[in-house]
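Each reported figure results from applying straightforward, stated rules to the coordinates on display, with no laboratory input. Nothing here was measured: the structure is a model prediction, and the numbers come from that model.
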Amino acid sequence: MNSVVVGIGEYFVSNKPKDVIKTFALGSCVAVIMYDRIKNIAGLIHIALPSSDISNEKKEKLPGYFADSGIPLLIKSMRSKGALLGNLWIKLIGGANVLSTNYNFDIGIRNVLAVKKILWRLNLGIISEDVGGKIARTCMVHVDTGEIIISSQSKKWNI
């Protein structure tokens with residue numbers, strides 16, 4: 001098994017069966033996981049903010065940081081590995097409110113809504129999600145099977 005860690009604003013796509021793609025500590029951030037179920041190609045992006053309008057400089061350096069610039073890159077990278085959009089399933093993880101009880105600026109919910117809006121515009125829907133709440137999540141996707149394991153503190157579950 002080869003573990004590949006995806007940091008905040010990064011993404012990774014693999015068609016290597018022994019790869020496991022991971023990201024840690026999804027609080028308000030959202031992991032978008034795409035999987036071509038026919039060709040066994042997995043992609044994961046760790047999105048921190050909904051819109052790149054706030055910083056063109058950051059968008060240029062780390063486009064995966066934002067939903068609006070990152071999702072198209074993930075799709076492009078999936079397609080470059082041979083994935084077909086019609087074969088994809090998409091799952092979302094994260095988007096929590098872990099730091100505050102003040103929901104006025106709930107970036108987690110804003111991230112989830114931005115991701116969904118972008119996917120809908122691209123005629124791509126999600127098949128499952130584990131979003132919201134008040135817990136940070138870590139997740140991994142196994143390239144060979146598409147299995148996703150989520151963990152938080154001492155608990156583990158699948159979606």
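A straight chain from Val5 to Leu84 at 0.36 nm per residue would run longer than the Cα-Cα distance by 26.0 nm.
Expressed per residue, the C-alpha convex hull volume of region 86-145 stands at 84 Å³. Across region 49-97, Cα pairs under 8 Å and at least six residues apart give a relative contact order of 24 percent. In sequence order, region 42-59 has phi-based couplings of 10, x, 9, 10, 10, 8, 9, 9, x, 10, 7, 4, 6, 7, 5, 5, 5, 4 Hz under the Karplus curve 6.51 cos²θ - 1.76 cosθ + 1.60, θ = phi - 60°, and Gly or Pro positions carry x. Partners of Lys59 within straight-line reach, counting aspartates and glutamates whose Cα lies under 18 Å from its Cα and excluding those fewer than 8 residues away in the same chain: Glu10, Asp68. Per the Debye formula on identical point scatterers at the alpha carbon atoms of region 63-103, with no solvent, log10 I(q)/I(0) at q = 0.15 Å⁻¹ is -0.53.
As a test of the formula, what do you get for the chain when each DSSP H run with n ≥ 4 contributes -39,500 (n - 2.57) and the sum is divided by the residue count, at 222 nm and rounded to the nearest 500 deg cm²/dmol? Don't jump to the answer; show the numbers that get you there.
Details: 3 runs with 35 residues, N = 159.
Value at 222 nm, helices only: -7000 deg cm²/dmol.
Cross-linked pairs Lys61/Lys155; Lys18/Lys61; Lys22/Lys81: Cα-Cα separations exceed 27 Å for Lys61/Lys155; Lys18/Lys61. Could you state the number of Å between the C-alpha centres of region 117-144 and region 57-93? Between the Cα centres of region 57-93 and region 117-144 lies a distance of 12 Å. Normalised by the number of residues in region 2-158, the average gap of Cα pairs under 8 Å and 6 or more apart makes the relative contact order 29 percent.
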